[in-house]
Structure formats: structure tokens, C-alpha cells
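Below is one structure, written out as C-alpha cells; the observations come after it.
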Amino acid sequence: MKTIALKKYRLADAYKTAPTEMGFIKLAIRMAGTLGDSLYGSEAFEAVVVGDDPIVSMMLALTLHRSGSRVLISPDSVGTQDWPSKDWGYQLAETVNSFDANVAQFVAKHLEGFDPQDGYMRALSLLITECASSERIMILQADNLQSSHGVIKGGRDLIFFPLSRELQDRPLINPLWRLVREKVKKLSFNHSEIEYVSARKLFITTPPSRYIDPQLGTRVGLAREGESGVVRRERCDDVRSAINHQIGDQ
């Protein structure tokens with residue numbers, strides 16, 4: 001597991017994470033603080049993959065990784081208080097865990113060592129093994145992220161802060177993420193000082209929590225449902241959508 005390192009002299013971090021309305025004098029004081037006791041920590045990725053679909057998230061992460069990207073997987077879902085219906089979360093779990101013959105045949109074309117007869121858990125195991133074999137694919141150990149666009153001064157890349165523990169509603173996420181976290185390299189926050197992860201691009205695989213602005217991301221899989229111009233046909237279509245992206249694609 002890797003914990004984000006907190007360091008002094010991070011002038012750029014002090015600027016990028018400053019509130020948008022902070023004036024020149026306060027900003028100068030904030031940046032000068034990095035020469036003293038103020039510590040900042042950050043970890044940079046080409047892509048952050050947010051959502052609650054293990055199969056689609058890992059297939060997308062591997063696709064991006066093969067094109068040279070460093071990827072962070074962030075399991076996330078709509079908080080129970082925001083479910084549009086009382087059984088919404090259970091319907092989501094049923095959908096993302098479905099693995100019919102069409103899905104199996106498609107996965108077999110893109111996952112070495114997988115036979116369509118092997119089933120869902122075999123596919124999951126092979127995807128975990130592939131993701132775990134790379135130092136360039138990581139998964140958040142336990143935290144959830146919150147987007148910051150329009151709230152801080154920012155920079156060229158998207159910036160995500162760890163959701164404060166007071167706000168974390170611990171959404172009910174797929175229990176199979178536990179298997180992923182056992183093998184894939186984990187990233188954790190200190191929850192002290194100011195720390196964040198940055199990414200050139202955000203991908204969303206299922207409807208996210210209220211703390212992630214979906215307008216900032218590219219929707220993949222189930223997250224495309226209801227998006228203008230997109231017709232979601234079947235589960236295989238969700239999985240297929242995971243392999244059609246590279247950093248720089250719109």
C-alpha cells in the first residue's frame with residue numbers, strides 16, 4: 001500500500017488548492033506557508049475511474065493502462081439517502097453482477113486465459129490478477145473522492161480531494177471490491193494537512209455519489225443510461241463500452 005507523502009515547499013499545490021475567491025495577499029501568505037509548517041501531498045494519474053462496476057472498471061483500467069496511462073480506481077456509488085427508489089442499489093448490484101453468454105464471449109476476446117465457459121468469478125479473478133501485475137494501476141484503500149471544479153483555483157488537470165470522514169456516508173458498494181483490494185496496489189490518504197489526487201480525465205462507470213460532478217467525466221457502462229444520444233441495449237454493451245477509450249478521446 002502507498003500512502004500519499006506530505007511535503008514542504010509545494011508552492012504549486014498551495015496555489016492550485018486555494019479557494020477560487022482567495023485574494024492576492026491571502027494567497028501569498030498561503031504559498032509562503034509552504035516554506036514553513038504547511039504540508040501538501042498529491043498523486044498524479046492520467047485517469048480516475050469512479051463507480052461500482054468491478055468488471056467494467058477493471059477492463060477500462062486495463063485498456064487505459066495498455067495505452068500507457070496511470071490509473072486510479074475509486075469504488076463509489078450513490079449514497080443510500082439519495083437512492084431514487086428503495087431497491088435501487090440492489091437492482092444496480094444485480095445488473096453489474098450479471099454475466100450472460102454474450103458478456104462471457106466478449107470478455108474472452110479481450111482477456112487472456114479466459115474461456116466463455118469459465119464464468120463470472122473466473123473473469124473477475126483474471127482481471128484482478130492483470131491489474132495487480134502493474135504498478136500503474138491502483139485502487140483507493142477505503143476513501144471516497146470529491147471533485148473540486150469551480151471551488152478551487154485548480155490547474156490543467158482535474159483535482160479530487162479525499163472526502164472528509166465527517167461527510168462520508170459509506171455508500172453500499174459491491175462486496176466484490178474487497179477481492180480487488182486484496183491484490184491490487186492500494187493508495188491511501190493521511191487525512192491530515194492538504195492532499196489530493198489529480199487526473200487528466202475522469203471516467204464514471206455507474207451513477208456516482210453526490211460528491212462527484214458527473215459533468216466532469218466520460219460516462220461508461222451503466223453510467224451512460226439517460227445520457228443524450230446514448231442507447232443502452234444490454235449488459236454486453238456496458239462491458240463493450242469499457243474498451244473504446246484512451247486518454248485524449250472525447
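Which of the residues that make up the range 75-86 are surrounded by fewer than 24 Cβ atoms within 10 Å (Cβ to Cβ) and of a type outside the set (Phe, Trp, Tyr)? Val78, Gly79, Thr80, Gln81, Asp82, Pro84, Ser85, Lys86, listed by residue number. Here Ile204 meets each of (1) in contact with a helix residue (DSSP H, G or I) (Cβ under 6 Å, 6 or more places away or on another chain); (2) of a type in the set (A, V, I, L, M, F, W, C); (3) modelled with pLDDT under 95 with one exception, condition (3). Filtering the range 172-194 to residues that are over 23 Å from Ser134 (Cβ atoms) and not aliphatic (A, V, I, L, M) leaves Pro175, Asn190, His191, Ser192, Glu193.
Would you check if Asp100 is under 30 Å from Pro19 (Cβ atoms) and touching a residue at least 40 places away in the same chain (Cβ under 8 Å)? In short, no. Got at least one residue in the range 124-137 being over 21 Å from the mean Cα position of the chain (by Cα) and over 29 Å from Leu216 (Cβ atoms)? No, the conditions are met nowhere in the range 124-137.
Please work out if Val78 is part of a loop (DSSP other than H, G, I, E, B) and touching a Pro at 6+ places or on another chain (Cβ under 6 Å). Yes. Taken over the range 98-115, the criterion of being crowded, with 16+ Cβ neighbours inside 10 Å and either farther than 18 Å from Ser57 by Cα or not small (Gly, Ala, Ser) (or both) is satisfied by Phe99, Val103, Phe106, Val107, Leu111, Phe114. Of all the listed residues (Ser57, Ser38, Ser42), the sole one being part of a helix (DSSP H, G or I) and either modelled with pLDDT under 95 or under 23 Å from Lys201 (Cα atoms) (or both) is Ser57. Filtering the range 170-198 to residues that are over 15 Å from Ser74 (Cα atoms), assigned to a loop (DSSP other than H, G, I, E, B), in contact (Cβ under 8 Å) with a residue 60 or more places away in the chain and not small (Gly, Ala, Ser) leaves Asn190, Glu193. Taken over the range 137-183, the residue count meeting the criterion of being in contact with a His (Cβ under 9 Å, 6 or more places away or on another chain) and surrounded by fewer than 16 Cβ atoms within 10 Å (Cβ to Cβ) is 2.
Quick check on this structure: which one of Arg200, Arg136, Arg122 is under 23 Å from Lys2 (Cβ atoms), out of contact with any Leu (no Cβ under 8 Å at 6 or more places or on another chain) and not small (Gly, Ala, Ser)?
Arg136
The values are calculated or read from the model by the stated rules, or taken from the named source; none is laboratory data. A quick note: this is a predicted structure, and the numbers were derived from the prediction, not measured. As a convention, Cβ positions derive from the backbone with ideal geometry for all residues, glycine included, and neighbour counts pool all protein chains shown.
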